[in-house]
1. Would you check which residues across the range 2-29 are of a type outside the set (Asp, Glu), over 29 Å from residue 61 (Cα atoms) and touching a residue at least 12 places away in the same chain (Cβ under 8 Å) and list them?
2. Just to verify a result, which residue in the range 30-51, among those that are in contact (Cβ under 8 Å) with a residue 12 or more places away in the chain and either loosely packed, with under 12 Cβ neighbours inside 10 Å or of a type in the set (A, V, I, L, M) (or both), is farthest from residue 5 (Cα to Cα)?
3. Which condition breaks for residue 59 when tested against (1) in contact (Cβ under 8 Å) with a residue 24 or more places away in the chain; (2) surrounded by fewer than 10 Cβ atoms within 10 Å (Cβ to Cβ)?
Amino acid sequence: MEVMMMAILALVTLVIWMMVYTELSKSSKEEEKENSRRKLIVLTSAGTLFTIPVVISFIQHIQI
């Protein structure tokens with residue numbers, strides 16, 4: 001069950017970071033830049049918060 005949950009979390013994280021990349025690659029007008037900046041802040045924060053538990057889980061499951 002935990003492995004399935006982490007796999008889903010990893011996929012969600014991947015989608016969030018792809019959205020960040022897409023937003024960064026857009027060329028926007030001056031009016032849209034403020035909305036784009038806010039969206040990037042939210043997406044980057046969400047991506048970071050979702051990435052941390054995935055990384056911690058992967059590190060815990062590494063067998064030396």
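None of the figures in this text is laboratory data; all of them are computed from the coordinates on show. This structure is a prediction, so every number in the text was calculated from the model and none was measured. As a convention, Cβ positions derive from the backbone with ideal geometry for all residues, glycine included, and neighbour counts pool all protein chains shown.
1. If the condition is that a residue be of a type outside the set (Asp, Glu), over 29 Å from residue 61 (Cα atoms) and touching a residue at least 12 places away in the same chain (Cβ under 8 Å), then 24 is the only one that fits.
2. It comes out as 40.
3. (1)
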